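Asks: My questions all concern the structure below.
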Amino acid sequence: MTQIRFDRIDSGEPLDVAVNRVLIAGFTGRDAASVQEHIDELRALGVPVPDTVPTVVEVAREMLTTAETIEVDGTFTSGEVEPVLVLFSGRRWLTVGSDHTDRDVERESIARSKQVCPKVVARTLLPLGDDNLDAVQLESWVDGEGRPYQQGGMEAILPLGRIEEALQAAGVTLMDGDVVFLGTLPVTGGSMRPSRSFRATLREPRAGHRIDLAYHVNVRPTSGAAYAQA
């Protein structure tokens, strides 16, 4: 069994979550036209695209980690900031995570690309009082750059209720221990790129809460990659 220790943001109380499932929701943008444009771009590149959206992929729960360094096999992998829903002790919690993905594998199969890299989450949980999360802001940075790699709010992502409907349509009923990556934001400048480090922040401005995530990426030597050790 995979167990992750989180800390509650408002009290520091430790929360030991026995992870049941790790679910990756995809194509969850609220602007349907932009989502379709992205699908068309992928199709033009020869990437197999889903028939319906949003999508959901379950990955091995052992892939969920709070580690500060992860190891990957491919030379073209990258992180992407996501709000992450955690169900624990009969209630909902929010944190920030990175759906780290192998982009070379993604060209062959989006679902398989989600299975080959760790999914990183912060160690802090924010209790949710309601499902209106549009005020929540997300940012990410790569390789220590000052300019955000991604930047925007959860108003760009489908409401939580809509994502849950998509999960139910896929035969998934959420329960305690489930961890759901809710979707990501476009890359600034539109070009994904690999990096040796990834940093992300989730801010909830109404209560003034902020959750930070940071990790380094090492490529296993057997892959012949050239990333430096962090």
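Asks: Can you find a residue in region 94-105 that is touching a Phe, Trp or Tyr at 6+ places or on another chain (Cβ under 8 Å), of a type in the set (Val, Ile, Thr) and at pLDDT 95 or above?
Replies: Within region 94-105, one or more residues are touching a Phe, Trp or Tyr at 6+ places or on another chain (Cβ under 8 Å), of a type in the set (Val, Ile, Thr) and at pLDDT 95 or above.
Asks: Let me ask something additional. Here is a list of conditions, (1) buried (at least 18 other Cβ atoms within 10 Å of the Cβ); (2) among the aliphatic types (A, V, I, L, M); (3) under 22 Å from Thr188 (Cβ atoms), and Val53 meets all of them except one; can you say which number that is?
Replies: With respect to (1) buried (at least 18 other Cβ atoms within 10 Å of the Cβ); (2) among the aliphatic types (A, V, I, L, M); (3) under 22 Å from Thr188 (Cβ atoms), Val53 is out only on (3).
Asks: What tally of residues in region 134-148 results from selecting those that are in a loop (DSSP other than H, G, I, E, B), buried (at least 17 other Cβ atoms within 10 Å of the Cβ) and free of Cβ contacts under 8 Å to residues at least 60 places away in the same chain?
Replies: 1
Asks: I'd like to verify a number: residues in region 151-195 that are closer than 27 Å to Glu62 by Cα, polar (S, T, N, Q) and surrounded by 13 or more Cβ atoms within 10 Å (Cβ to Cβ), how many?
Replies: Result for region 151-195: 2.
Asks: Might you let me know whether region 12-28 holds any residue that is charged (D, E, K, R) and loosely packed, with under 13 Cβ neighbours inside 10 Å?
Replies: Looking through region 12-28, at least one residue is charged (D, E, K, R) and loosely packed, with under 13 Cβ neighbours inside 10 Å.
Asks: Do we find that Ser109 is surrounded by 14 or more Cβ atoms within 10 Å (Cβ to Cβ), closer than 19 Å to Thr184 by Cα and among the polar types (S, T, N, Q) in this structure?
Replies: Taking the combined requirement at face value, the residue does not satisfy it.
Asks: Then there is this: Mind checking which residues of region 203-230 are crowded, with 17+ Cβ neighbours inside 10 Å and at pLDDT below 85?
Replies: Ala225, Tyr227
For every residue, the table says whether it meets (1) within 21 Å of Val172 (Cβ to Cβ); (2) small (Gly, Ala, Ser); (3) touching a helix residue (DSSP H, G or I) at 6+ places or on another chain (Cβ under 8 Å).
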position: Val57; (1), (2), (3): yes, no, yes
position: Leu64; (1), (2), (3): yes, no, no
position: Ile70; (1), (2), (3): no, no, no
position: Gly74; (1), (2), (3): no, yes, yes
position: Glu80; (1), (2), (3): no, no, no
position: Phe88; (1), (2), (3): yes, no, no
position: Trp93; (1), (2), (3): yes, no, no
position: Asn132; (1), (2), (3): no, no, no
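Asks: Which of (1) assigned to a strand (DSSP E or B); (2) of a type outside the set (A, V, I, L, M, F, W, C); (3) within 24 Å of Arg21 (Cα to Cα) is the odd one out, the single condition Arg199 does not satisfy?
Replies: Here Arg199 meets the rest and fails (3).
The values are calculated or read from the model by the stated rules, or taken from the named source; none is laboratory data. Because the structure is predicted, anything quoted here is derived from the model rather than measured. Please note: Cβ atoms are built from the backbone with ideal geometry, for glycine as well, and neighbour counts cover all protein chains shown.
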